[in-house]
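Below is one structure, written out as structure tokens, with a few remarks after it.
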Amino acid sequence: MRIDLDGYFDRIGFAQAHTASADTLRTLHWLHPQAIPFENLDPFLGRPVRLEPDAVRKKLVQGGRGGYCFEHNLLFMHALRALGFRVRGLAARVLWNEPEDAVTPRSHMLLCVEAEGSAYVADVGFGGLTPTAPLRFETGVAQETPHERFRMMEAGNGFRLEAEIEGTWRVLYRFDLSEQFDVDYVAANFFLSTHPTSHFVTELVAARALPDRRLMLSNNSLTTYHTGGAVEKATLHTVDAMADALHQSFGIDVPDPALFAVAVQEKGILARGDV
């Protein structure tokens, strides 16, 4: 990817020395999900999700938009490589709200990053549970982040990533260390962004991690998860209220308001209530 590092650093508010250190990795992993939201407006609106380097850069860095896992982690991977990190793309089977032994497609992108002689799992694109710190590649150990605790567990020939939610460990996804390349993400991206059964096509999702809270928009339900446990929920009853929430809470301007209104109505979002 032809990366505009200065533009990327401006976008996420990074002003430290540009070194391939563990501290730099932690800082970038903390800043990225605050500044660049997770969102699926393009597939929701029937627009293509393009993974070409220039398309990702123009959308997430220059265009003030967010995206989903492939866009976030491709951008993050190439920024890290430009700084001198050794990075490999990986793929995961999402198990959130699924049985731990479920066989789901490899539909999620994450990264393995080497920094100062240690290996880390990095993932800046897992929606409402995007880790806000890289995780040391160490199994069976709870690791603190500015938000939840995470841990990696051995799972057959691979690993599970789990998050502690209200005192219970929940599985996010299962993965192994087989390296993936840009072309490997094309098929999964096409399915997720176009297939009529994909939840990215049928549902509206946005997420953002801020220092003291997480924000989550699921259709017309806006939830704020405060660090420490307090939860606030609001149901948005109009298309304008949904567009305003995207702007005010996630920093996203709806790219085509008329098409957005049509999509919300045709997919019955406002009739679903507080989901």
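The values are calculated or read from the model by the stated rules, or taken from the named source; none is laboratory data. What you are looking at is a predicted structure, and each value in this text was computed from that prediction instead of being measured. With ideal geometry, Cβ positions are generated from the backbone for all residues, glycine too; neighbour counts draw on all protein chains shown.
Please determine whether any residue of region 168-188 is under 16 Å from the mean Cα position of the chain (by Cα), assigned to a strand (DSSP E or B), surrounded by 13 or more Cβ atoms within 10 Å (Cβ to Cβ) and of a type in the set (Gly, Ala, Ser). Checked against the condition, which is being under 16 Å from the mean Cα position of the chain (by Cα), assigned to a strand (DSSP E or B), surrounded by 13 or more Cβ atoms within 10 Å (Cβ to Cβ) and of a type in the set (Gly, Ala, Ser), region 168-188 yields no hits at all.
Of all residues in region 238-254, those satisfying the criterion of being without any contact (Cβ under 8 Å) to a residue 60 or more places away in the chain and within 19 Å of residue 45 (Cα to Cα) are 238, 239, 240, 241, 242, 243, 244, 245, 247. Test residue 264 against the criterion of being over 22 Å from the mean Cα position of the chain (by Cα) and among the hydrophobic types (A, V, I, L, M, F, W, C), and give yes or no. When the stated conditions are applied, residue 264 passes them.
Screening residue 101 against (1) in contact with a helix residue (DSSP H, G or I) (Cβ under 9 Å, 6 or more places away or on another chain); (2) not in a helix (DSSP H, G or I) leaves a single unmet condition, (1). Between 246, 222, 217, which is aliphatic (A, V, I, L, M), in contact with a strand residue (DSSP E or B) (Cβ under 9 Å, 6 or more places away or on another chain) and either within 15 Å of residue 33 (Cβ to Cβ) or exposed (fewer than 14 other Cβ atoms within 10 Å of the Cβ) (or both)? On inspection, the qualifying residue turns out to be 217. The residue that is surrounded by the most Cβ atoms within 10 Å (Cβ to Cβ), among those in region 189-212 that are in contact (Cβ under 8 Å) with a residue 24 or more places away in the chain and farther than 29 Å from residue 31 by Cβ, is 201. Screening region 106-145 for residues that are under 15 Å from the mean Cα position of the chain (by Cα) and among the polar types (S, T, N, Q) and picking the one that is nearest to residue 170 (Cα to Cα) gives 130. Scanning region 146-167 for residues that are assigned to a loop (DSSP other than H, G, I, E, B) and either under 17 Å from the mean Cα position of the chain (by Cα) or surrounded by 12 or more Cβ atoms within 10 Å (Cβ to Cβ) (or both) returns 146, 147, 148. Across region 93-105, the number of residues qualifying as modelled with pLDDT under 95, charged (D, E, K, R) and in contact with a Lys or Arg (Cβ under 8 Å, 6 or more places away or on another chain) comes to 1. Among the residues of region 249-275, the one identified as of a type in the set (Asp, Glu) and surrounded by fewer than 12 Cβ atoms within 10 Å (Cβ to Cβ) is 266.
Could you list all residues from region 44-54 that are surrounded by fewer than 15 Cβ atoms within 10 Å (Cβ to Cβ) and over 12 Å from residue 194 (Cβ atoms)? Of everything in region 44-54, those that are surrounded by fewer than 15 Cβ atoms within 10 Å (Cβ to Cβ) and over 12 Å from residue 194 (Cβ atoms) turn out to be 52, 54.
Pairs meeting the criteria (first residue in region 175-186 and of a type in the set (Ser, Thr, Tyr), second residue part of a loop (DSSP other than H, G, I, E, B) and buried (at least 16 other Cβ atoms within 10 Å of the Cβ), beta carbons under 7 Å, at least 6 apart or on different chains) are 185/51.
Note on region 1-38: among residues that are over 24 Å from residue 246 (Cβ atoms), surrounded by 16 or more Cβ atoms within 10 Å (Cβ to Cβ) and among the charged types (D, E, K, R), the one that is modelled with the lowest pLDDT is 4.
Only a single criterion out of (1) touching a residue at least 24 places away in the same chain (Cβ under 8 Å); (2) touching a Phe, Trp or Tyr at 6+ places or on another chain (Cβ under 8 Å) is not satisfied by residue 231, namely (1).
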